[in-house]
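Read through the structure below, which is laid out as structure tokens, and then see the notes.
The values are calculated or read from the model by the stated rules, or taken from the named source; none is laboratory data. The model shown is predicted, which means the values in this text are computed figures rather than measured ones. Please note: Cβ atoms are built from the backbone with ideal geometry, for glycine as well, and neighbour counts cover all protein chains shown.
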Amino acid sequence: MGQRVGAAMILSIESSCDDSSIAITEIGTKKLIYHKKISQELDHSRYGGVVPELASRLHAEALPRILEECEPWFNELKAIAVTNEPGLSVTLIEGVTMAKALSIALNIPIIPINHLKGHIYSLFIEKESLLPITVLLVSGGHTQVIEVTSYEDMRTVATTMDDSYGESFDKVAKMMSLGYPGGPLIEKLSLSGDQSRFDFTVPLWQSPLIAFSYSGLKNQVRLAIEANDSSVYPDIAASFQHVATEHLLQKLKKYFKSFPPKRFAIVGGASANLYLRESLTKLLSNYKANLLLSELAYCSDNAAMIGRAAIEAYQYGHMQSNLSVSVNPRSKL
Ligand code: KG4
Ligand code: ZN
């Protein structure tokens, strides 16, 4: 992590939800020079989900503390990249405001980055990109299948009609009073459970739609929780995880009938789920398709993926003057 005289670098900031993170990436080599993330998970855990006002206050404390460590590289910076969409408006503003202040102080442009593109480029941190690729993005805010041809050409071909895959884990964990984020907690609890004990219905199994839905499954799980005591929670968790994942597999199989995958990836916080990784590895072996995964450290929100995406954006000339950058909490790809 040493400084190289004259190297051109981008400083990237991520604050779209509950992770405060800053990275510095060298443009030419794509090398990650610096990366730090301060997670707020424990602070939100007792509320069973992210409290936006608390998240914003914690970003205001954490981001400047991380930024202080980046000062040695300030002279090498060519641009400030920042997640400006989608996410929580009050937390996106924290990162964008810091980016604007840095842009003015260092007299360099801002590169606004779409968080979803960041997740996709988490696959290529310190690497060349491998495109085209079909990507399943599973996070707390999104469940979608995206055909990625280039940084500028990404097409969403399937999305969720209500909750996301990761969000459904969070909600089930909350119903069981396990804490937040629910994904890793449910995955761990499932290890000691019997996934065939509860015969939950796979969402949209009869529908020709290639789309996702998790609200019905969540309600089935709620009824099972209400009808049983906590000794049965591992079986409920395992049965839920199995059906939530089976739903993804069924819809992907349907999609693959028309568009067989050559190269496929799973990204987003929930792509850390080993049961999902194993199930998709099996599915993809039927198509002899390559499966790409982000390193576990870069599955959940982080600034390294924003910095990697920013290298592409920089090469496409997506720099903006600081006053023209706005926050778009609900934007899509
Ligand atoms: O990508 P991310 O950090 O934030 C968003 O962009 O939303 O994803 C966070 C989500 C949370 O819903 C969390 O419960 C879920 O990813 N998650 C998991 C696992 N680890 C994190 N879901 C299922 N299994 C996991 N192991
Ligand atoms: Zn994310």
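Numbers at a glance
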item: Only one of I306, I210 that is at pLDDT 95 or above, among the β-branched types (V, I, T) and under 30 Å from S20 (Cβ atoms); result: I306
item: Criterion (polar (S, T, N, Q), within 12 Å of ligand 2 (Cβ to nearest atom) and at pLDDT 95 or above) met by exactly one of S164, S129, S150; result: S164
item: Selection status of D194, in contact (Cβ under 8 Å) with a residue 12 or more places away in the chain, farther than 30 Å from P260 by Cβ, out of contact with any Asp or Glu (no Cβ under 8 Å at 6 or more places or on another chain) and not in a helix (DSSP H, G or I); result: no
item: Selection from segment 174-185 of residues that are surrounded by fewer than 24 Cβ atoms within 10 Å (Cβ to Cβ) and not in a loop (DSSP other than H, G, I, E, B); result: K174, M175, P184, L185
item: Matching residues, segment 110-122, being surrounded by 24 or more Cβ atoms within 10 Å (Cβ to Cβ) and more than 14 Å from ligand 2 (Cβ to nearest atom); result: I110, I111
item: Answer from L280, L293, L274 - the residue that is within 16 Å of ligand 1 (Cβ to nearest atom), over 14 Å from the mean Cα position of the chain (by Cα) and either of a type in the set (D, E) or surrounded by 13 or more Cβ atoms within 10 Å (Cβ to Cβ) (or both); result: L280
item: Selection within segment 213-242 - under 20 Å from G140 (Cβ atoms) and either of a type in the set (D, E) or in contact with a strand residue (DSSP E or B) (Cβ under 9 Å, 6 or more places away or on another chain) (or both); result: S213, Y214
item: Lone unmet requirement of (1) out of contact with any helix residue (DSSP H, G or I) (no Cβ under 6 Å at 6 or more places or on another chain); (2) crowded, with 21+ Cβ neighbours inside 10 Å for E41; result: (2)
item: Unique match (being touching a strand residue (DSSP E or B) at 6+ places or on another chain (Cβ under 9 Å), more than 15 Å from ligand 2 (Cβ to nearest atom) and of a type outside the set (V, I, T)) among L274, L252, L323, L333; result: L252
